[in-house]
Amino acid sequence: MRISVIGAGYVGLVTGACLAELGHTVLCTDNDATKIGILECGKLPIFEPGLESIVAKNRKNGHLSFSAELAKAVAGGDVIFICVGTPPLPNGDADLSSIDRVAQMIAAESESDKLVVEKSTVPAQTGQQLKRVLEIYGRGKTIRFRVASNPEFLREGTAVGDFLHPDRIVVGVDDETAEKQLRKIYRPVLEQGFDCPVHNGSCPRGNPPAWLVTTINSAELIKHASNSFLAIKISYANMVSDLAEKLGANVEEVMHGVGLDPRIGAHFFKPGLGFGGFCLPKDLQAFVRLAERHGVDFSMLREAERINHHRVEGFVEKLRHSLWVLKGKKIGVLGLAFKANTDDIRFAPSIELIKQLQHEGVDVIAYDPQAMEKIHVRLPELNCALNAYEAAQGADALLIVTEWPEFQRLDWKRVHQGMARPLVLDGRNLLSAEEMSALGFEYESIGRPRAGQAIPTALA
Ligand code: UDX
């Protein structure tokens, strides 16, 4: 099928490339001509494992092309996937202005029937508004606009595998034709009749995904409800880790034990510096605002947000407890991306952490395997290291902020030799307390006892 994808960001680019990989003819567009220019030069404006190869392959075989002209993309597609950003407004509502602008352009430029698919994460009832805009701005045309919601469940770092081997495909439609078109688009994924081109272990071949057809409102709500529940799990683990620390328990063993109950599940119970990224934080806010606008009490999610908000502050207090005085200290930060295997720093805990440390007069030097370009744009004054060893050189403390596997493989003896004080605070429980202690480090982590730590006596 002829498909157009509007928005060439983390979601749009993966969606366009993977739909081309499924055999469709895809034209991907973005209003940022620089981004399109980078793509037309065979490069990617983002880091996403496996994406570069399937973009190159499908550009070469003609299944995938790029354009900065939205009109051309609209004219060229029978099905149009809207993958534009919906960032949070100051009050937490989702900013839907890009959706509105694109919908008006689609209505104005369309000369034939279109299926317009909401891939961007939007509050429930956005699809209804989208239909109204298409009808109003397409008034007088003898064409028909169908609208569907098809939320993405892509995780950055495994997005290609998540697209081609999803555990579920959710479609929200209000007519059968739209459902048939979407089923045709996703048929290869439903049949799982292809080898995943990404070999990073995130492509469990063979299990056909669940195909869930529902209304547009319900599909939109599934997305917000899913991400918000993931956020609750993370905040729950972080809350329990704070108590585990006081009691000398090990939060990883505790949450492993909890997760053994199949009704609960083990995933998303890793304590640390909290959830960041361009999805969980904003989706949680938008979901709460949607509920509050409709007079429904979502204070449970407000609490999950509050717990998350204080993770960085708690980590700085942990550092202060070890260093006593922060002002004038030199501190290395390992990891800037909001999670490993991405270069995305949006809503990353590292940003808030660096701001708090610099506010206290700390000399921060930071390193990340992939996010250095993006952090330089966001924090141009930040002192950046070329590698982890340089970030640790002469440091009074070293903070692990993103769980990059590269940091596990460091020569920690060499790190120890370079540091002014061998103090490591591991914000992602990436390393072993016993191993770090045996290497002579003062090592602190999240919700786990220090190596050899005496079990605190019960409070009197
Ligand atoms: C998330 C959802 O997982 C995905 O389904 C949705 O489509 C988009 O949003 P993503 O934001 O890419 O994906 O990353 P995810 O792996 O969910 O991690 C989000 C944040 O939570 C990261 O900052 C990560 O460090 C943190 N996290 C995750 C934890 O702190 N603990 C965990 O156990 C898991």
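Every number here is computed from the coordinates shown, using simple stated rules; none is lab data. Small disclaimer: the values here were computed from a predicted structure and weren't measured. Neighbour counts run over all protein chains shown; Cβ positions are idealised from the backbone, glycine included.
Taking the number of Cβ atoms within 10 Å of each Cβ as an exposure proxy, the fewest-first ranking of Trp412, Trp404, Trp324, Trp211 is Trp324, Trp211, Trp412, Trp404. Under the criterion of Cα pairs below 8 Å and six or more residues apart, the relative contact order for the stretch 398-447 equals 41 percent. Quick note on the stretch 234-444: its Rg to Rh ratio, both from C-alpha atoms and Rh being the Kirkwood radius, is 0.98.
Averaging the sequence gap over all C-alpha pairs within less than 8 Å and six or more residues apart, then dividing by the number of residues, gives the chain a relative contact order of 12 percent. Based on DSSP H segments of at least four residues, each scored -39500 (n - 2.57), the chain has a per-residue ellipticity at 222 nm of -13000 deg cm²/dmol.
Cβ-to-Cβ counts within 10 Å put Lys282, Lys141 in ascending order as Lys141, Lys282, the fewest first.
Listed cross-link partners Lys330/Lys413; Lys43/Lys184; Lys35/Lys180; Lys35/Lys57; Lys282/Lys318; Lys114/Lys282 are compared with a 23 Å cut-off, the Cα-Cα value being larger for Lys43/Lys184; Lys35/Lys180; Lys282/Lys318; Lys114/Lys282.
The mean sequence distance of close C-alpha pairs (under 8 Å, at least 6 residues apart), as a share of the length of the stretch 2-214, puts its relative contact order at 19 percent. Based on every Cα atom in the chain, Rg and the maximum pairwise Cα distance Dmax equal 23.7, 79 Å. In the stretch 47-136, Rg over Rh equals 1.02, where Rg is the alpha-carbon radius of gyration and Rh the Kirkwood radius from pairwise Cα distances.
Centre-to-centre, using Cα atoms only, the stretch 362-392 and the stretch 203-271 are separated by 31 Å. As an equivalent ellipsoid, the stretch 2-214 spans semi-axes of 25, 20, 17 angstrom, where each value is the square root of five times an eigenvalue of the C-alpha gyration tensor, largest first. Exposure proxy shown here: for Asp32, Asp396, Asp283, Asp93, the number of other Cβ atoms within 10 Å sets the order, fewest to most, as Asp32, Asp93, Asp396, Asp283.
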